[in-house]
Every structure is written in structure tokens, then in C-alpha cells.
Amino acid sequence: MPTIHLENLIKRYGDVEVLHGIELEMADNEFTVLVGPSGCGKSTTLRMIAGLEDVTEGEIYIGGKPVSRLEPKDRDLAMVFQDYALYPHMNVARNMSFALRLQKRPQAEIDQKVKAVAATLGLTDYLARKPGELSGGQRQRVAMGRALTRDAGTFLFDEPLSNLDAKLRGQMRAELALMSQRVQKNMIYVTHDQIEAMTLADRIVVMHGGYIQQQGTPEELFKRPVNKFVAGFLGMPPMNFLDGEIVERNAGVFVSGDGFDLRLGDEKAAVAKAHSNKEVILGVRPSDLVFDADASEQESLTLDVMVSEYVGAQSVLLCRCGPAKVMVEVNSETPVALGQRLTFAVNPNGMHLFDRQDEVAI
Amino acid sequence: MRRAVANRLTPYMFMAPAVVIMVIALLYPLGYMVWGSFRDWDPSQTIGEAEFVGLKNYVTLWHDPNFRESLGVTLSFAFFVVTFEMFIGVGLALLLDRNIRGMSVLRTLFILPMMIAPVVVGLMWRYMYHPTVGTFNRVFEAIGLPKVDWLGTNALMSVIIADIWQWTPFIFILSLAALQSLPRSALEAARIDGATGWQQIIHIKLPLMMPVLIVTGLLRLIDAFKVLEVILVMTEGGPGLSTEILALRISRTATEFRELGVAAAMSNYLLILLLFFTVSMFAFTRWQEMRANRLRTAVEEDE
Ligand SMILES: Nc1ncnc2c1ncn2[C@@H]1O[C@H](COP(=O)(O)OP(=O)(O)OP(=O)(O)O)[C@@H](O)[C@H]1O
Ligand SMILES: [Mg+2]
């Protein structure tokens with residue numbers, strides 16, 4: 001499949017610049033997920049790749065060829081829209097075969113293709129129905145089927161699951177993951193849901209305010225976020241942030257703040273040393289806090305439990321640490337009473353430090 | 001108990017004035033006309049003095065070649081006018097449905113003809129069609145084309161052109177509104193699926209606009225059967241009977257030939273024709289609603 005390369009892509013609406021130089025290189029057959037909060041420019045980026053929006057500056061290369069002046073139909077891609085964008089007056093079969101019929105493919109080939117795709121998506125019984133006669137989930141499948149029947153080189157998805165209820169969304173997410181393994185195409189997927197991003201992506205691109213914040217594998221982004229935004233955006237429940245300061249003592253390098261005084265691990269300490277006495281933000285994921293009554297003070301946080309949210313095997317505790325609130329994930333069997341003061345050991349590899357001025361990782 | 005009855009009657013009480021006005025203003029004249037159509041009635045008589053002749057007026061009319069000719073003129077006028085207006089109106093809407101600067105000014109200009117009083121339209125076109133000093137023939141002469149006998153041998157074509165000029169805007173604005181309410185993402189999907197501009201029009205835009213187009217066409221058809229002023233001013237039905245549409249013939253039968261009964265019968269023929277179109281329009285919208293309902297219930301059962 002052709003590789004896609006975005007070169008310094010800029011988009012302006014009138015005087016307002018909404019994308020400020022997007023630079024992105026996607027590998028062959030990669031599942032790329034653009035993720036970010038509402039209004040960050042994900043859809044705009046995707047629609048520029050599709051050819052539905054003009055490129056203000058920069059260039060899009062598909063298979064090494066500049067395409068920003070080409071019509072959508074000449075870019076060899078298929079797209080699934082958030083509202084599905086089915087043709088309301090055509091039945092499912094005709095919806096799925098529209099592109100092939102425009103290409104004047106032989107009828108036998110069209111029928112066979114539609115039948116095959118419908119079978120994989122469980123749509124065989126609905127081929128004669130109009131979109132208005134289908135439920136939301138079925139319409140979603142038809143939209144997916146329409147893209148699959150095309151056999152295009154690249155698939156674009158703009159929040160395809162966001163109109164479904166939570167259960168169906170989980171189910172479709174799994175099916176999508178299966179499908180992406182099977183069809184082996186370039187996929188670019190836009191979502192604001194970080195769980196979708198983490199589970200589906202080969203590469204995640206986190207966007208914010210028209211800039212790319214960071215890109216990499218889900219693991220890279222989860223373990224080594226480059227700034228506070230990425231750290232807070234990925235992971236559920238989100239990372240805890242505590243204001244503190246880096247202090248060098250005889251016993252080692254500490255990050256110290258209201259209600260905590262933690263010794264940094266050796267690796268982290270070596271880096272942090274250069275930032276001695278600097279105001280920083282300490283980030284710790286809820287899953288990096290482990291209930292341990294015996295932990296020493298310099299490797300643990302002591303927290304007042306305020307609320308406990310039971311979510312099954314795990315519970316999320318909302319606690320207080322000085323002025324800040326901290327969330328902790330614990331096994332639901334852990335005996336916890338509200339108002340109790342508990343000690344949690346901090347995973348030394350789970351401590352993230354960010355400069356308080358520019359919020360960049362240290 | 002009394003309160004409950006009063007409550008139930010309230011809506012009817014609110015409707016009563018409207019119903020009374022409807023009966024007086026609409027049904028009474030209509031009944032009068034139907035009643036009159038069964039009589040041999042001269043304008044100098046009251047309706048009571050006129051002799052009852054049963055269906056004679058209707059039968060006479062049916063065999064009257066002049067009436068038939070007039071009916072033919074009306075039908076072909078309506079047919080050509082509506083066909084051309086639909087094609088041009090929808091075509092213009094498809095052409096002008098884009099966001100280019102100055103487009104809104106252009107759209108406003110296009111709907112101007114509709115806002116001019118019909119009598120003025122008639123006068124304007126009569127001058128433009130004038131055989132020697134009219135705009136058209138002067139222009140034709142200037143560029144070396146032969147003159148056209150607009151309101152003479154080509155009278156029907158000329159009035160059709162004038163009507164198209166006046167009423168195409170109606171179709172244009174309704175089609176434009178329909179176009180702009182089409183689902184945008186479906187059109188984008190079609191572009192990605194490889195549809196050219198034409199293919200989008202044929203496979204997506206027109207089918208989705210069809211319900212609006214059908215109703216618009218029927219409305220125009222009903223209106224086209226009732227034109228009077230423009231033709232009256234331009235040709236008075238001539239030359240001969242060539243542009244004498246039914247409305248004109250009805251008025252002449254009543255005033256010139258002084259046969260109110262026959263005129264009433266003719267009106268009733270026209271009424272039946274119009275009723276047919278009106279009912280089909282309602283039937284069509286009703287069918288649309290039912291289909292929408294059926295779809296909705298089908299979806300709900302599924303979920
Ligand atoms: N046609 C337009 N004219 C002006 N500004 C626009 C237009 N379309 C989008 N924008 C702006 O561009 C920015 C990015 O929009 P975009 O639709 O790409 O956001 P998004 O990341 O997809 O958000 P969401 O998750 O809500 O869909 C937004 O701030 C939006 O206000
Ligand atoms: Mg969006």
C-alpha cells in the first residue's frame with residue numbers, strides 16, 4: 001500500500017489558522033490514530049487528506065506523489081464518516097456497491113464483492129433495506145462495508161464509533177481491530193476517545209490546539225509522555241499532578257511539595273539534578289500507587305481517602321494530598337474506610353516530572 | 001362534569017369563527033356556482049328566475065369545439081410551461097448552489113420576476129414583443145436575423161416564454177432550498193466514492209430532492225391552469241382562439257356571451273381538473289409521511 005506523508009501542513013479559515021504545520025510520516029499498512037480534545041484539528045487534518053478541504057500550505061504525499069490538488073476520487077481512499085453518510089435513497093447493497101457501479105465494474109463482480117463483505121459484517125439479511133430501516137449499529141456496519149467494498153489503498157475514519165452506545169462501541173472496536181489485521185491497509189483513524197486510540201493504534205498522534213504534541217506507539221506515549229498534556233490525556237483514570245520542587249540533599253535527589261517528599265530513582269535523579277531547586281509538576285498514574293502500610297516516607301505518599309468508586313474488581317479512590325486531589329487504583333478487596341489516612345508506595349519508574357513553566361517533561 | 005364538557009368544546013369554539021368565515025367566503029360561492037351551472041342563466045336574471053336545465057350546459061360544452069380548443073390550449077400551456085420551468089429552475093439551482101462571492105446578489109436578482117405584478121409583466125412583454133418597436137424584433141433586426149411575429153402566429157409560444165420568465169424563480173428558490181438542506185456528508189461520501197459532478201447530481205442530489213420537486217411541480221401545474229392576467233394583457237386570447245386559456249374563456253362566456261350557466265359549468269370542469277391535481281399532491285405528501293413513519297417503526301422494532 002502507498003505510504004502517506006504530511007509535510008508542514010497548514011490550514012487557515014480566513015485569518016484564523018487552525019493547523020500550524022502538521023508533519024507526519026505513516027509507515028506501510030500502519031493503523032494511525034489521531035487523538036485529541038474537541039476542536040484540536042483532527043477532523044480538519046483527515047478531511048485534508050481526503051481532499052474534502054483545501055490545503056492552505058504544505059503538501060500531502062500518497063505513495064510519494066503530491067496529491068493536494070487532486071480530487072478525492074483520484075486519491076484512492078475510502079472514508080467512514082461519524083454520521084455514516086449513507087445514501088438514504090439506496091438500499092444497503094446499492095450503498096455498498098455505489099463506487100464499483102460508478103467504475104462500471106461487471107455486475108457479477110459487484111454482486112460477489114458485496115456478498116462477501118456483507119457476510120463478514122453480518123449484513124447479509126439486510127441487503128435490501130434502506131438506511132432508514134436500520135438501527136444505529138447496523139448503519140455503522142454498512143458505512144464500514146461501503147468502505148471495504150471499495151478496496152481502496154487507504155481507509156479514513158472520522159470518529160466512526162462515537163454515535164454508538166457504550167456496549168456496542170466496545171464490540172465494534174474489537175471488530176475493527178480484527179478487520180484491520182485482516183485487510184492490511186493504511187488506516188487513519190480520528191477519535192477523541194483515548195481508549196479507542198490505545199487499543200487500535202500502531203501509532204498514536206496526539207494533537208492539541210492545531211499542533212502535534214507527540215507521536216509514537218501507545219506504549220511509548222503511555223510510558224514516556226513528552227509533556228503534561230500528553231501525560232494527562234492518555235490513561236484512564238488520568239494521571240495525578242502534584243506541584244513540587246526538586247531538592248538535592250545528601251540522601252539523594254528529592255521532589256518535595258505540600259504533603260510529600262519523595263526520593264527519585266537513580267535514573268531520574270541523574271536527569272533531575274540539573275534542574276535542582278526548579279519548580280516542577282510531579283505526575284503519577286493512579287496505577288503506579290500501591291497500597292503498602294509499611295513503605296518508608298521517602299518512597300510513598302500518605303493520602304486521606306475522600307471517595308471510593310467501586311468499578312468491579314478495581315476501585316478508584318479519590319484522596320487528598322495537601323491541597324491536591326489524587327486518584328488511586330486499588331484492588332477492591334483492600335480494606336478501605338472513608339476518612340482513613342493510608343500510605344501508598346510510589347512505583348519509582350512511574351514518577352514523571354514536568355517543568356512548571358512550559359510543562360515539558362524533564 | 002359541566003366543566004369537562006366545556007373543556008372538550010373549547011377547541012371547537014376557538015375554531016368556530018374561522019369555520020363560519022370559510023363557509024360564507026368559500027363554500028357559499030362554490031355552491032352558488034354549482035347550482036348556477038344547472039341553469040340557463042342570463043346576467044339580467046336572478047338565479048331564482050333562471051330556468052333549470054339539468055346537465056345541458058355540461059353536455060353542450062363537451063361537444064363545443066371552441067371549448068375543446070380552449071381546453072387544449074390550457075393543457076399545452078400548462079404542460080410546456082411547467083416542463084420548461086422545472087428544467088430551467090432546477091438547473092439554475094444546481095448551478096448556483098455554491099459559495100462564491102456575489103452569489104447571494106445573483107440569487108436575489110433571479111427571483112425578481114416573481115415579485116412583479118402579473119399585469120405589469122403582461123404589459124412589459126407586450127411591449128417587448130411589439131412587431132416593429134419591440135425590443136426583441138429590434139435586436140433581431142440589428143444582428144441581421146429575420147423578424148418574428150411574436151404575438152401573431154407564434155402567440156402561444158410567446159405567452160409561454162413570458163410565463164417561464166415569471167415563474168421559473170419559484171421553482172428555483174424551492175429547489176435551492178431543497179439542495180441546501182441535503183445531507184452534506186452524503187455528498188462528500190459520493191465524492192470520495194468517485195462520483196463526478198454530474199454523477200452526484202444524477203445519483204444523489206436529484207433523487208434526494210425528488211419529493212420537493214414533485215410537490216413544487218404540482219403546485220406550479222395547479223397555478224398554470226389558472227393564469228389569466230398576463231395573457232389577458234398580452235393577447236386577450238387571440239389571435240383567434242390560439243391563446244384563449246380556460247380562465248379567459250370563462251370570463252368571456254360570462255361577460256360577452258352573457259351565459260352565466262355555461263360559464264359556471266366550465267369553471268366546474270376546471271375545478272374538477274384542479275381537484276385531481278390537488279388531491280394527488282396531498283396523496284403524495286401523505287404517502288411520504290406514512291413511509292417515514294413505517295421506517296421509524298421498523299427501526300424501533302429492531303432495537
Ligand atoms: N469551516 C470552518 N470555518 C472556520 N473554522 C473552522 C471550520 N471548520 C473547523 N473550524 C475550526 O477548526 C478547528 C478544528 O476543527 P476540527 O473539526 O478539525 O476539530 P476536531 O479536532 O475534529 O474536533 P471534534 O472532536 O469536536 O470533532 C476548530 O477550532 C474549529 O472551530
Ligand atoms: Mg471532528
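The values are calculated or read from the model by the stated rules, or taken from the named source; none is laboratory data. Treat the numbers as computed from the prediction; the structure is a model and nothing was measured. Neighbour counts run over all protein chains shown; Cβ positions are idealised from the backbone, glycine included.
Key figures
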item: Residue that is within 14 Å of chain A (Cβ to nearest Cβ), part of a helix (DSSP H, G or I) and surrounded by 13 or more Cβ atoms within 10 Å (Cβ to Cβ), where the choices are B:Leu295, B:Leu232; result: B:Leu295
item: Flag if A:Glu59 is within 20 Å of the chain's Cα centre (by Cα), assigned by TED's automatic domain parsing to the domain that holds A:Gln82 and away from ligand 1 (no atom under 16 Å from the Cβ); result: no
item: Selection count, segment A:144-172, where residues are more than 16 Å from ligand 2 (Cβ to nearest atom) and among the aromatic types (Phe, Trp, Tyr); result: 1
item: Residues of segment A:76-104 satisfying the condition of being more than 16 Å from ligand 2 (Cβ to nearest atom) and in contact (Cβ under 8 Å) with a residue 60 or more places away in the chain; result: A:Asp76, A:Leu77, A:Ala78, A:Leu86
item: Residue satisfying condition, being within 26 Å of A:Ile195 (Cβ to Cβ) and surrounded by fewer than 22 Cβ atoms within 10 Å (Cβ to Cβ), within set A:Met79, A:Met172; result: A:Met172
item: Residue in segment B:105-112 that is aliphatic (A, V, I, L, M), under 13 Å from B:Trp167 (Cα atoms) and surrounded by fewer than 13 Cβ atoms within 10 Å (Cβ to Cβ) present; result: yes
item: First in segment A:123-145 and under 19 Å from A:Asp165 (Cβ atoms), second anywhere and hydroxyl-bearing (Ser, Thr, Tyr) and part of a loop (DSSP other than H, G, I, E, B), Cβ under 7 Å, 6 or more apart; result: A:Arg139/A:Tyr84; A:Gln140/A:Tyr84; A:Ala143/A:Tyr84
item: Residue that is nearest to A:Ile10 (Cα to Cα) [pool: residues in segment A:28-46 that are assigned to a helix (DSSP H, G or I) and within 9 Å of ligand 2 (Cβ to nearest atom)]; result: A:Thr44
item: Conditions (1) part of a strand (DSSP E or B); (2) surrounded by 15 or more Cβ atoms within 10 Å (Cβ to Cβ); (3) not hydrophobic (A, V, I, L, M, F, W, C): number failed by A:Pro2; result: (1)
item: Residue check, A:Ala27 in contact (Cβ under 8 Å) with a residue 60 or more places away in the chain, within 30 Å of A:Val117 (Cα to Cα) and surrounded by fewer than 22 Cβ atoms within 10 Å (Cβ to Cβ); result: yes
item: From the options A:Asp74, A:Asp54, residue that is over 24 Å from the mean Cα position of the chain (by Cα) and assigned to a loop (DSSP other than H, G, I, E, B); result: A:Asp54
item: Lone unmet requirement of (1) surrounded by fewer than 16 Cβ atoms within 10 Å (Cβ to Cβ); (2) acidic (Asp, Glu); (3) in contact (Cβ under 8 Å) with a residue 24 or more places away in the chain for A:Glu245; result: (1)
item: Segments classed as helices (runs of 4 or more DSSP H), wholly inside segment A:191-298, with at least 2 members that are over 15 Å from A:Val33 (Cβ atoms) and within 31 Å of the chain's Cα centre (by Cα); result: A:228-233, A:266-272
item: Residue pairs meeting the criteria (Cβ under 9 Å; at least 6 apart or on separate chains; first without any contact (Cβ under 8 Å) to a residue 12 or more places away in the chain, in segment A:274-288; second surrounded by fewer than 17 Cβ atoms within 10 Å (Cβ to Cβ)); result: A:Ala274/A:Ile362
item: Yes/no for A:Gly51 being more than 14 Å from chain B (Cβ to nearest Cβ) and in contact with a strand residue (DSSP E or B) (Cβ under 9 Å, 6 or more places away or on another chain); result: no
item: The lone exception for A:His20 - which of (1) more than 16 Å from ligand 1 (Cβ to nearest atom); (2) in contact with a strand residue (DSSP E or B) (Cβ under 9 Å, 6 or more places away or on another chain); (3) not in a loop (DSSP other than H, G, I, E, B) it fails; result: (1)
item: All positions within segment A:23-44 that are more than 7 Å from ligand 1 (Cβ to nearest atom) and polar (S, T, N, Q); result: A:Asn29, A:Thr32
item: Members of segment B:174-200 found to be more than 8 Å from chain A (Cβ to nearest Cβ), under 25 Å from A:Leu156 (Cα atoms) and in contact (Cβ under 8 Å) with a residue 12 or more places away in the chain, listed by number; result: B:Leu182, B:Leu187, B:Gln200
